Amino acid sequence: MSDNLLLIISIIIIALGTYLIRAIPLFINIEVLLGEKRKQLVRRFFYLMGAAIIAALFATSIDLSAFSFTQLPTLISMLSGFIGIIIAYFLFKNSGISVLVGLISYLIASLLFVGI
């Protein structure tokens, strides 16, 4: 199997998994499936799954080659984005705003230290 075909198949599987994670809670009727008692548990599971997916995407996007002294400006940019996410989450308690603040922090630090 060629590398391009493997890449295309991987992208399709990832896209399908991402879609299903967001679509399943919209299409199932939790009360009918599990009853009233377990409804809150399932809702909490789907609520926390979004944050877990964002954390997994963040963890896999870290460039380990940036953890050297030659790449210190890139490391500072990454850390400022991460710190921006943490501070914004504690201030606003909203993961969407936190990610946006983290992206803006990363962009500003990149412009200041890396010069892109």
Problem - Protection-proxy order for peptides 41-47, 101-107, each taking the mean of Cβ atoms within 10 Å per residue, highest first - result: 101-107, 41-47
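What length, rounded to one decimal in nm, is gained on full extension from LEU107 through to LEU75, with 0.36 nm per residue of separation minus their alpha-carbon distance? Write down the numbers at each step before the final one.
Values: separation 32, 0.36 × 32 = 11.52 nm, distance 1.27 nm.
Net length gain for the segment: 10.3 nm.
Which FRET efficiency value, to the nearest 0.05, do you get for ILE87 and PHE46 by plugging their Cβ-Cβ distance into 1/(1 + (r/R0)^6) with R0 = 35 Å? Before the final figure, lay out the partial values.
On the way: r = 26 Å, r/R0 = 0.76.
Given R0 = 35 Å and the Cβ-Cβ separation, E is 0.85.
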Exercise for the section: Return THR60, THR74, THR18 ranked ascending by Cβ neighbour count within 10 Å, so the fewest neighbours appear first. Expected result: THR60, THR18, THR74
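A short reminder: the numbers here are calculations on the coordinates, not readings from a lab. Quick caveat: nothing in here was measured; it's all calculated off a predicted structure. Positions of Cβ are backbone-derived with ideal geometry, glycine not excepted, and every protein chain shown enters the neighbour counts.
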